[in-house]
Amino acid sequence: MDMGNLDRKYWDMDIEPKLNTPEIKEMQLEKLKVALKWQYENTPFNRKRFDKAGVKPEDIQSFEDYAKAIPVAGQADLRGVIEEVGLDMDALMRELFGQKRMDDLYLITTTSGTTGIPTPYPNFHAGIREMQTLFHRVAWRMGMRPGDRIGLCFGLSMHAAGTPQILWLQNYPGLTIVPIGAEAGTEKILQFLQLFKVNIFTGTPSLALHLIEKCPEVLGVPVKALGIKLLMLGAEPGAGIPEVRHKLETEFGAKVFDGGGGYGCSCDHPIYQGMHWLADDLCYYELIDPNTGESVPMENGATGLMAATSLNPEGAVWFDMRFTLNDIHQVFTDPCPCGKSGLRYKIVGRADDMLKVKGVPVYPAAIEGVIHSFPEELTGAFRIVLDEPPPRVVPPLKLKIEFSDKMREDDLPSLEEKVKNKMKSLLKVNPAIQWLQPNTLERATKKTQVIEKTYE
Ligand SMILES: [Zn+2]
């Protein structure tokens with residue numbers, strides 16, 4: 001397969017130089033108008049949103065019209081649909097995505113829904129083609145090149161970023177995929193990485209950190225001996241935390257990249273710059289004020305609820321029309337010091353997790369970020385103790401934090417000072433810390449619930 005000039009800056013030299021420019025905005029608006037018409041004609045859920053707002057697609061002629069006309073939709077609307085149609089997954093998907101997309105359904109995975117009910121994550125052929133476009137841009141920027149071998153170490157069983165990755169990376173020139181899967185367990189993962197000479201790892205940051213500890217025990221060599229050249233991480237914060245990134249880069253002798261929360265990836269600038277949004281031609285990105293529902297101007301440093309609208313509606317799943325997954329993003333529209341194109345975004349936390357301490361918004365994900373920035377001193381396990389229902393917290397914010405087995409009891413006072421200082425300077429919060437021995441807190445195999453409610 002022709003892969004073109006191996007030294008070129010971007011995978012797609014037509015589109016990528018134009019990301020985050022007025023020129024691509026014009027293209028977006030034209031595509032948006034077509035996409036909205038498609039949604040109105042083909043998707044019951046979105047047609048109802050138009051009807052409820054009392055507008056027709058042709059009434060929307062500008063981004064401003066769009067922001068005023070259609071309120072953002074999210075988890076609450078989804079629960080509404082589930083209440084209506086029940087757990088008939090086919091009926092649910094027909095309502096949300098429409099028969100036309102369902103006729104193109106190729107693969108079903110799920111996301112862990114906040115409702116406790118697995119939320120279907122369908123993969124339409126048209127969507128897979130779109131994700132290939134995106135993933136090839138991502139892969140090129142991260143430095144995947146012909147001859148590389150990537151080990152997939154996210155969960156493969158029904159996981160939305162598992163099996164579909166095999167399809168998204170298909171046709172990338174010269175790349176070989178080794179679908180190991182997180183289910184294989186640490187020992188087998190390490191053995192397969194070594195046996196099949198995998199040089200790219202993709203999975204969670206916590207698994208990558210765990211491999212550092214386990215590699216000498218399982219294979220008798222340090223993890224660096226595996227010859228991994230890059231780690232493509234996601235699903236949880238880690239790659240964006242300087243200390244975690246440093247540890248992974250040093251121990252693996254590899255470059256670390258962050259992907260997730262949208263259509264993009266981080267760059268290799270030595271200081272984390274957020275993720276570059278690589279999909280202006282595929283998906284329209286917006287920030288919304290979580291309190292008023294109003295559009296937030298896309299200025300450097302702006303923060304808001306991230307919502308997106310697909311410009312390729314036949315393939316879209318959740319971000320099909322002004323939909324939010326409840327993530328709060330901060331955007332950076334100034335050029336990145338790495339010299340590559342695309343506006344950048346950092347994931348600040350989840351809107352429904354927000355706590356307010358003396359009026360200051362604090363996100364559990366941000367607390368987790370600070371805790372993970374001490375990979376030597378802390379195990380990473382912690383709890384936020386709430387005595388009253390959130391979001392309001394009467395200070396001090398109470399935290400239970402496990403210290404690592406490298407620490408002694410008399411190290412704790414100075415460690416406490418370091419952790420508190422970092423929380424004060426980064427999050428404007430002065431917590432009360434209760435120290436716990438390593439492995440005191442229960443480990444969940446899926447997503448850990450970090451809030452401990454004493455009021456229930
Ligand atoms: Zn950059």
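The values are calculated or read from the model by the stated rules, or taken from the named source; none is laboratory data. For clarity, every value in this text was computed on a predicted model and none was experimentally measured. Here Cβ is always computed from backbone atoms with ideal geometry, including for glycine, and neighbour counts include all displayed protein chains.
Data overview
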| read-out | value |
| --- | --- |
| Check on E58, surrounded by fewer than 18 Cβ atoms within 10 Å (Cβ to Cβ), at pLDDT below 95 and either at negative phi or not in a helix (DSSP H, G or I) (or both) | no |
| Selection status of G185, in contact (Cβ under 8 Å) with a residue 24 or more places away in the chain, exposed (fewer than 15 other Cβ atoms within 10 Å of the Cβ) and in the same structural domain as G4 (by TED's automatic domain parsing) | no |
| Hits in the stretch 127-142 (condition: β-branched (V, I, T) and in contact with a helix residue (DSSP H, G or I) (Cβ under 6 Å, 6 or more places away or on another chain)) | I128 |
| Residue tally, condition modelled with pLDDT of 95 or more and either among the charged types (D, E, K, R) or in a loop (DSSP other than H, G, I, E, B) (or both), over the stretch 91-114 | 6 |
| Filter pass, C215 being within 16 Å of the ligand (Cβ to nearest atom) and hydrophobic (A, V, I, L, M, F, W, C) | no |
| Criterion (of a type outside the set (D, E, K, R), at pLDDT 95 or above and touching a helix residue (DSSP H, G or I) at 6+ places or on another chain (Cβ under 6 Å)) met by exactly one of L193, L156 | L193 |
| Strands (runs of 3 or more DSSP E) completely within the stretch 253-295 that count 3 or more residues being within 16 Å of the ligand (Cβ to nearest atom) and not hydroxyl-bearing (S, T, Y) | 255-258, 275-277 |
| Some residue of the stretch 218-229 being outside any loop (DSSP other than H, G, I, E, B), at pLDDT 95 or above and within 16 Å of the ligand (Cβ to nearest atom) | no |
| Residue identified as within 16 Å of the ligand (Cβ to nearest atom) and outside the structural domain of D12 (by TED's automatic domain parsing) among F332, F374, F323 | F332 |
| Condition met for G342 (in contact with a His (Cβ under 8 Å, 6 or more places away or on another chain) and away from the ligand (no atom under 16 Å from the Cβ)) | no |
